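Q: Can you keep this structure in mind? I'll have questions shortly.
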Amino acid sequence: MKNTIINAKEDLIKALELNGAESLEEIEEQFESIAVAIFQNFLIQKGDNIYEIVEIEFYHNKTDEPGTNITIPRTTRLGEWFMHESGVDLSFKSDNNNYGGILIRTIKNNNGQFICGPRQVMWELFADFNAFESMATHPLIIPRKETVEIDFEKDRRWNVNNSDKNYRYYWKKDRWNKKNGYIAYPWRK
């Protein structure tokens, strides 16, 4: 599989356009390149808090199994945070024909605490907003100061039936602090 090196914010933005990928195979290749980049080269910053991205799942309508609608339809700008009943996605540029994003399933905060589960991540990143104050604490994707080599695994998406595609990416087990109560913990089988 061909992996494009993505280490600058501009490269990530371009990759989230899926670089003109049209076929299922081209889209899947982009997923892996983006996952590597997100784990090794990028963080989320919210105010003074920095989060490492630990677990993600990719969704794109062209990767849905025939006859299913797993990916939530949307019209979004590239990089938009798209909140939905399952959690929050970092969106691809999406319209009525091509849509999708990256569900953020688990993050790790400055103190080493893992925030597990897409809704927990959404609540962590989008809590404490005030209708009468500026958005100084809006979560942003930022580059790491240095690339960190992070080995990862991939598997089927959580709770998606009838799919054998490996669109869920997560750090290898030795980097996790096991989260009791996280029903989707990757090694809980």
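Q: From ILE70, ILE56, ILE50, ILE13, which residue is touching a Leu at 6+ places or on another chain (Cβ under 8 Å) and either modelled with pLDDT under 85 or under 15 Å from ARG144 (Cα atoms) (or both)? Before you say what the answer is, go through the steps one by one.
A: Values: ILE70 fails: touching a Leu at 6+ places or on another chain (Cβ under 8 Å); ILE56 fails: either modelled with pLDDT under 85 or under 15 Å from ARG144 (Cα atoms) (or both); ILE13 fails: either modelled with pLDDT under 85 or under 15 Å from ARG144 (Cα atoms) (or both).
One residue alone meets the criteria, ILE50.
Q: Could I ask something else about it? Which strands (runs of 3 or more DSSP E) sit wholly inside the range 97-187 and have at least 1 residues that are at positive phi?
A: Details: elements: 100-108, 114-116, 140-143, 152-155, 168-171.
Qualifying strands (runs of 3 or more DSSP E): 100-108.
Q: Next question, about the same structure. Suppose we keep only residues that are touching a Leu at 6+ places or on another chain (Cβ under 8 Å), under 24 Å from ILE72 (Cα atoms) and touching a residue at least 40 places away in the same chain (Cβ under 8 Å) within the range 16-47. Which one would you say is surrounded by the fewest Cβ atoms within 10 Å (Cβ to Cβ)?
A: GLU17
Q: Determine whether ILE53 is aliphatic (A, V, I, L, M), touching a helix residue (DSSP H, G or I) at 6+ places or on another chain (Cβ under 6 Å) and at negative phi. Lay out the reasoning, then the answer.
A: Working: aliphatic (A, V, I, L, M): yes; touching a helix residue (DSSP H, G or I) at 6+ places or on another chain (Cβ under 6 Å): yes; at negative phi: yes.
Taking the combined requirement at face value, the residue satisfies it.
Q: Kindly indicate whether any position in the range 91-103 is modelled with pLDDT of 90 or more, over 20 Å from TYR167 (Cβ atoms) and buried (at least 20 other Cβ atoms within 10 Å of the Cβ).
A: There is no residue in the range 91-103 that is modelled with pLDDT of 90 or more, over 20 Å from TYR167 (Cβ atoms) and buried (at least 20 other Cβ atoms within 10 Å of the Cβ).
Q: What is the number of the single condition among (1) surrounded by 18 or more Cβ atoms within 10 Å (Cβ to Cβ); (2) in contact with a Phe, Trp or Tyr (Cβ under 7 Å, 6 or more places away or on another chain) that LEU78 does not meet?
A: So the condition that LEU78 fails would be (1).
Q: For the range 117-132, enumerate the residues that are among the hydrophobic types (A, V, I, L, M, F, W, C), over 13 Å from the mean Cα position of the chain (by Cα) and closer than 18 Å to ILE183 by Cβ.
A: The one that is among the hydrophobic types (A, V, I, L, M, F, W, C), over 13 Å from the mean Cα position of the chain (by Cα) and closer than 18 Å to ILE183 by Cβ: TRP123.
Q: Restricting to the range 133-162, and then to whatever is exposed (fewer than 13 other Cβ atoms within 10 Å of the Cβ) and among the acidic types (Asp, Glu), can you tell me which residue is nearest to the chain's Cα centre (by Cα)?
A: The extreme case among them is ASP151.
The values are calculated or read from the model by the stated rules, or taken from the named source; none is laboratory data. Every value quoted in this text rests on a predicted model; they were computed, and no experiment measured them. Positions of Cβ are generated from backbone atoms using ideal geometry, with glycine treated the same way; all protein chains shown enter the neighbour counts.
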